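The next block holds one structure in the form of structure tokens; read it before the comments.
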Amino acid sequence: GNFPFTTIEPNEGITYYTTECPCKSRGKIDLCKPRYGQCVGGTRHIPVKLLDVAGLIPGASEGAGLGNKFLDDLRHAHVLMHIVDVSGTTNEKGESTIGYNPLNDADWLTMEIHNWVFNNLWKRWGSIARRHSATQSTLRATFQGQLSGYGASVATILAMLNSMGDAAKEPCVLTTWGEPEVHALVDAFLAQRFPTILVLNKADIGNDTDKNIERIVDKYGGDRCFVASAASEVFLRNMHSKRHIHYEPGDMVYTTSADDATLAPLMPKMAARLDQVSDMVLFRYGSTGVRAAINAAVALSNMVVVYPVKSLKNFTTVEGDVFGHAVLVRPGTTVREVAYVLSPVVGANYLYAEGEDGRRLSEDDAVSMNLIVKFTTVASKEASGSAPASAAPEDKKPKKKVDQDSG
């Protein structure tokens, strides 16, 4: 709602990341049968989790509003999607207004998250620096210890240090660092840990919308900003579900009963609303922007899609479904770690893995995008007595993890 603090506890939802399914290039489109999500004409819809967290107001890093709650909830996210009311009809406190400059929202959100991390580090910086020197620790070990509470992995810390260049080369005397150096550290950390895109919502209303969009894009870049109308997306999906139109999220066009007799006819009010959405959103921006923003968020996290199969010949899973499973994992995830994602039993009894060409993969190799892999376990080999069978998930329930969902 357009009033402060609608959300207190995070609302969890499922959305879909779309990518080309390997069935398309292998002539299996008609046979492809995902167990979770769907495949539409060779486009895979892989489920990912969304968290709608409590709103933020200026001063959140010092505890204002629900700031502490919001910032704590961030630890569970991999990418941030900052929804900005680009119409200028909502101010920084979530109150209805007119003529507000939404560029302020983008600026102070970044500042509040930065201050949250910086303040926590700076108040302890003296002891952090002295301990680093006394223990002759590496920068990786020191910062992993200090930043792991924000959900940072070793890979995140290494990427942060690499991005800092000479400033983070060993040996490094942290006792010589002042506020500017720690601010630079926090900037580098947040860029790796909380990559952010700006969703410029309500692009179809307001007198200053075009000007506001231009301001934000000029400052933050077109690759990080996505013009959107969530209300239009909801309307189009509702019309699709009621069989008044055929609409594929992310498309610029839809089909009505004029082109498809199986669809229900449109009432005058429906037709008028559709015309408005077409003119103000679809034809103007190319789509509602919702699907583009979601895909960009997943892409920004560099998540890797892996397709585990039982048969490398027909690409079926143990359940008999062609490309039945798709798994999203973090970059740097190894072949063996993917086995554990599928099932602890598969990981514990891992024997070897094969790629699509039948060659064995090293268990320590990082998986690549769209890897098709067959796992063989000790148990499956013993059970077969000859040609080992492929391992697969032990049940049909999707894994409840933010960074890895079966599709």
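All conditions in (1) touching a helix residue (DSSP H, G or I) at 6+ places or on another chain (Cβ under 6 Å); (2) surrounded by fewer than 21 Cβ atoms within 10 Å (Cβ to Cβ); (3) over 24 Å from residue 44 (Cβ atoms) hold for residue 268, with the sole exception of (1).
Each residue in the range 246-264 was checked for being over 16 Å from residue 234 (Cα atoms) and in a loop (DSSP other than H, G, I, E, B), and 9 of them qualify. Restricting the range 86-116 to residues that are in contact (Cβ under 8 Å) with a residue 24 or more places away in the chain, hydroxyl-bearing (Ser, Thr, Tyr) and surrounded by fewer than 19 Cβ atoms within 10 Å (Cβ to Cβ), the residue that is farthest from residue 146 (Cα to Cα) is 96.
Of the residues making up the range 220-254, those that are exposed (fewer than 12 other Cβ atoms within 10 Å of the Cβ) and either in contact with a helix residue (DSSP H, G or I) (Cβ under 6 Å, 6 or more places away or on another chain) or among the hydroxyl-bearing types (Ser, Thr, Tyr) (or both) number 1.
Would you call residue 329 of a type in the set (A, V, I, L, M, F, W, C), modelled with pLDDT under 95 and touching a helix residue (DSSP H, G or I) at 6+ places or on another chain (Cβ under 7 Å)?
Yes.
Residue selection: residue 298 fails the criterion of being part of a strand (DSSP E or B) and closer than 17 Å to residue 15 by Cα. Against the condition buried (at least 20 other Cβ atoms within 10 Å of the Cβ), over 20 Å from residue 151 (Cβ atoms) and touching a helix residue (DSSP H, G or I) at 6+ places or on another chain (Cβ under 9 Å), how does residue 353 come out, does it pass? Here the answer is yes, as residue 353 does meet what is asked.
Residues that are in contact with a strand residue (DSSP E or B) (Cβ under 8 Å, 6 or more places away or on another chain), hydroxyl-bearing (Ser, Thr, Tyr) and in contact (Cβ under 8 Å) with a residue 24 or more places away in the chain were ranked within the range 299-337; the one that is surrounded by the fewest Cβ atoms within 10 Å (Cβ to Cβ) is 311.
Output yes when any residue across the range 49-57 is at pLDDT 90 or above, outside the structural domain of residue 313 (by TED's automatic domain parsing), part of a strand (DSSP E or B) and over 24 Å from residue 106 (Cα atoms), and no when none is.
Within the range 49-57, the subset at pLDDT 90 or above is 49-50.
Subset that is outside the structural domain of residue 313 (by TED's automatic domain parsing): 49-50.
If we keep only those that are part of a strand (DSSP E or B) as well, we get 49-50.
After this cut, where a residue has to be over 24 Å from residue 106 (Cα atoms) as well, the list is none.
The answer is no, given that none of the residues of the range 49-57 is at pLDDT 90 or above, outside the structural domain of residue 313 (by TED's automatic domain parsing), part of a strand (DSSP E or B) and over 24 Å from residue 106 (Cα atoms).
Among the residues of the range 215-245, those identified as among the hydrophobic types (A, V, I, L, M, F, W, C) and part of a helix (DSSP H, G or I) are 216, 217, 230, 231, 234, 235, 236, 239. For the range 315-336, the tally of residues that are among the basic types (Lys, Arg) and assigned to a loop (DSSP other than H, G, I, E, B) stands at 1.
Within the range 292-311, how many residues are of a type in the set (Lys, Arg) and touching a Leu at 6+ places or on another chain (Cβ under 6 Å)?
Adding up the residues that qualify gives 0.
Among the residues of the range 119-128, is there at least one that is polar (S, T, N, Q) and modelled with pLDDT of 95 or more? The answer is yes; a qualifying residue exists.
In the range 358-376, the residue that is surrounded by the most Cβ atoms within 10 Å (Cβ to Cβ) out of those that are touching a residue at least 40 places away in the same chain (Cβ under 8 Å) and more than 21 Å from residue 303 (Cβ to Cβ) is 374.
Here residue 128 clears all of (1) over 17 Å from residue 74 (Cα atoms); (2) loosely packed, with under 15 Cβ neighbours inside 10 Å except the condition numbered (2).
The values are calculated or read from the model by the stated rules, or taken from the named source; none is laboratory data. Predicted model only: the values in this text are computed from it and were never measured. We place every Cβ from the backbone using ideal geometry, glycine too, and count neighbours over all the protein chains shown.
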